[in-house]
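Have a look at the structure below, then the notes.
Here, each number is a calculation from the coordinates, and none is a lab measurement. This one's a predicted model, so the numbers in the text were calculated from it and none came from an experiment. Cβ sites come from the backbone with ideal geometry, for glycine too, and all protein chains shown count toward neighbours.
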Protein chains: 2
Amino acid sequence: MLSEDDLIAKYFAPIAGPAGLGLRDDAAAFTPAPGHDVVVTTDAIVAGVHFLADDVSDDIARKALRVNLSDLAAKGAAPLGFVLALALPAGTNAEWLAGFAAGLGEDAAHFGLPLIGGDTVKTPGPLTISVTALGQVPQGRMVRRTGAEPGDILYVSGTIGDAALGLRLRLGEKRDAFWQGRLAPAARDFLVARFLRPQPRMALAASLLENAHGAMDVSDGLVGDLTKMLKVSGLGANVRLDQIPLSSSARAAIALVPELFETALTGGDDYEILCSVAPARVSAFEAGAAAANVAVTRIGVADSSGGRAAVFLDASGKPRHFVQDSYSHF
Amino acid sequence: MLSEDDLIAKYFAPIAGPAGLGLRDDAAAFTPAPGHDVVVTTDAIVAGVHFLADDVSDDIARKALRVNLSDLAAKGAAPLGFVLALALPAGTNAEWLAGFAAGLGEDAAHFGLPLIGGDTVKTPGPLTISVTALGQVPQGRMVRRTGAEPGDILYVSGTIGDAALGLRLRLGEKRDAFWQGRLAPAARDFLVARFLRPQPRMALAASLLENAHGAMDVSDGLVGDLTKMLKVSGLGANVRLDQIPLSSSARAAIALVPELFETALTGGDDYEILCSVAPARVSAFEAGAAAANVAVTRIGVADSSGGRAAVFLDASGKPRHFVQDSYSHF
């Protein structure tokens, strides 16, 4: 196996940004724009917990980066750079590393978030990847999770539940053979891809910064994350379940097994944006989202009845309860 | 076991700084001082690789933080804050977590580096702790590893080799019974403490910023790290082995078994500062170090013969070679 220095020089220095100083220093330095705050977020993913050990390394690298990009997007932040702490199991081979670096480098370039530093260590355990992403917002303007106000319209981007169903397809357990066998191959591929390669909504960041009171990314399931956001803002909301945006692939799966609707809403790994927008900013927000080519859907209105957080209503107006609010990796 | 949210609320929110927003958001925001660059560094430590799984959690937390603080110090940076990605094995108990949070909180307060964010995940493998530390320096002024120039005086802070000997004591292997049994208890305790609780040289940062051309922290052994620093600067140096600063405890161990001198110089975990200072800045640097109460020792002079990097000379002027330049965790 290569030494740490050789491994960095071979695989990671070629994809590093200028602030990374060729990854030959112990630290990186960058100059935030004047009048801006630095936004920092960190997310770790572990083989066998957040992804499967036999996922291809290109996808694993992208996922590690994208779950962090998703947080920057939700905060309205423009990307600055990231550092990577990589704990590699013994026997990680050159092909795996080359794929990992290629996926990481492509995503870093595509999303404008250069690699600026890192640490590579060995582990007797599973592959563990910690990314810390840095971004910037005009001073005092980071969009907070706690910012929602009564009367705000609640929005979610994209479609919900694809990744949770994609994970079930990826696992291919016997209990799921019925619906998985009947789903069209294109639908299966779409859902699995949504699990393997989340789409961070960077394009929505500017409109969130301009228009949203509060925002977070949906990573642990919409039901639990919306409940969380309302709770920290001291608010409640009625959410019509038939208004939650679903892809045609997810609809097809749910048509086969209606219980999968609960999986879709509580299963996690969506990496969509949940946000609250004051009525006066609604048209500007929607116009910004349209210009960014990101679908956004109204799912409810925040109100001041904080005690009950989110109430999910079916088409007949009856509240629906979920066995488990959110997917807990923990 | 607690949910991730409860765990954060109970153990980590109480020790978080204001930029961390009570650790209830997906990200933190901070405002660097005008005219400053942000310095970022990340280091991960893994149970069984960088520390022993049965080290007390208070010490483990401090070590995770201090190895990163040491990088900030070497870069001349003033601390801003840190984020923590913590991968916890199943069955991590409340007592362990309480000790971890207590050690982390005390060090964060002591070194002025507040916790501002993090991620807690479970792992089927060993405890893995990734810290990303953020600091600031006046724009363009980060002290680089590559900055040494011919004629610069090379300095190292503190004493070298204590932690490497401390690890051997901590392991207590049979092959070491001879010297470990004969070492005074106070010397044993000192060396083990140097392994468990590195002393990041934050107090030296200001003098490095003002006076050093190049600097790095010594984490993988002085011989390898000096070779690395000279190599990236295209320089060489003669280093007199009898000038390398050793503690009286390390001297006592080496007096019992002379081969331990090699362990001391190549064994790693020193977390001292290695730097190069132009002759004109030498007295200012030494005065700054004295004012900061950090011992610094001249170990050689950098010269332009880059091809040979560092040559280590014994008291008679003969070059000495080392079996392994540096301790490789990798």
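By DSSP, what percent of the beta bridges with both residues in chain A are antiparallel, rounded to the nearest 5? Here the antiparallel bridges make up roughly 75 percent for chain A. Label-point spacing for B:Gln243 across the identical copies (point 7 Å from Cα in the Cβ direction), in nm and ascending order: 7.5. Which listed residue (B:Ala102, B:Val301, B:Leu209) has the Cα farthest towards the positive end of the charge dipole for chain B, taking +1 on Lys and Arg C-beta and -1 on Asp and Glu C-beta about the Cα centre? It is B:Val301, whose Cα lies furthest towards the positive end. If I model a spin label as a point 7 Å beyond the Cα along the Cα-Cβ vector, how far apart are those points for B:Arg175 and B:Ala290 in nm? Taking the two extended label points, one gets 4.4 nm.
Position B:Glu106: other-copy label points at 5.0 nm, ordered by increasing distance, label point 7 Å along Cα→C-beta.
Checked against a 21 Å cut-off, the cross-linked pairs A:Lys10/B:Lys75; A:Lys75/A:Lys122; A:Lys75/B:Lys122; A:Lys228/B:Lys10; A:Lys63/B:Lys63; A:Lys10/B:Lys228 give Cα-Cα distances beyond that limit for A:Lys10/B:Lys75; A:Lys75/A:Lys122; A:Lys75/B:Lys122; A:Lys63/B:Lys63.
Projecting label points 7 angstrom from Cα along Cα→Cβ for B:Ala203 and A:Ala255 puts them 7.3 nm apart. Net length available on complete extension from A:Trp96 to A:Asp242 is 48.3 nm, with 0.36 nm assigned per residue and the Cα-Cα distance removed. Here's the picture: a label point sits 7 Å out from the Cα of B:Ser304 along the beta-carbon direction, and within the range B:225-269 the residues with their amide nitrogen under 15 Å of it are B:234-237.
Of the GluC sites (Glu not before Pro) found in the range B:220-324, those that fall in a DSSP loop while having at most 12 other beta-carbon atoms within 10 Å are B:Glu259. Chain A residue nearest the rotation axis toward B, with distance: A:Gly125, 1 (Cβ to axis, whole Å).
Near the amide H of A:Glu272, within less than 5 Å, lie the amide hydrogens of A:Val218, all on another chain or at least 5 residues away, with H placed in the peptide plane.
So, with +1 on the Cβ of K and R and -1 on the Cβ of D and E, and no other charges, what is the size of the charge dipole of the protein assembly as shown about its Cα centre, to the nearest 20 debye? All intermediate terms of the calculation are to be shown ahead of the outcome.
On the way: 56 positive and 72 negative charges, 10 e Å.
That gives a dipole near 60 debye.
Computed from Cα positions, the angle between helix A:57-74 and the longest principal axis of chain A comes to roughly 50 degrees. On the beta carbon distance between B:Ala33 and A:His110, with R0 = 30 Å, the FRET formula returns roughly 0.40.
As a check on your grasp of the helix formula, calculate [θ] at 222 nm for chain A: sum -39500 (n - 2.57) over DSSP H runs of n ≥ 4, divide by the residue count, round to the nearest 500. Value at 222 nm, helices only, nearest 500: -10000 deg cm²/dmol.
Look at the alpha carbon pairs under 8 Å that are at least 6 residues apart: their mean separation over the length of chain A gives a relative contact order of 23 percent. Look at the dipole of chain B built from charges on Cβ: of B:Ala47, B:Ala237, B:Ala264, the Cα furthest out on the positive end belongs to B:Ala237.
Relative to its Kirkwood radius, the Cα radius of gyration of chain A gives an Rg/Rh of 0.99.
For B:Ala9, the distances from its label point to the matching points in the remaining copies are 5.1 nm, ordered from shortest, with each point set 7 Å beyond Cα toward Cβ. Take each residue of peptide B:112-119, count the partner chain Cβ atoms within 10 Å of its Cβ, and average: the result is 3. FRET efficiency for the pair B:Arg182 and B:Leu313, taken as 1/(1 + (r/R0)^6) with r the Cβ-Cβ distance and R0 = 25 Å, rounds to 0.25. The charge dipole of chain B, taken about its Cα centre with unit charges on the Cβ of Lys, Arg, Asp and Glu (plus for the first two, minus for the last two), comes to roughly 780 debye.
The dipole here belongs to the range B:4-138: it is taken about the Cα centre, uses +1 on the Cβ of Lys and Arg and -1 on the Cβ of Asp and Glu, and is about 240 debye.
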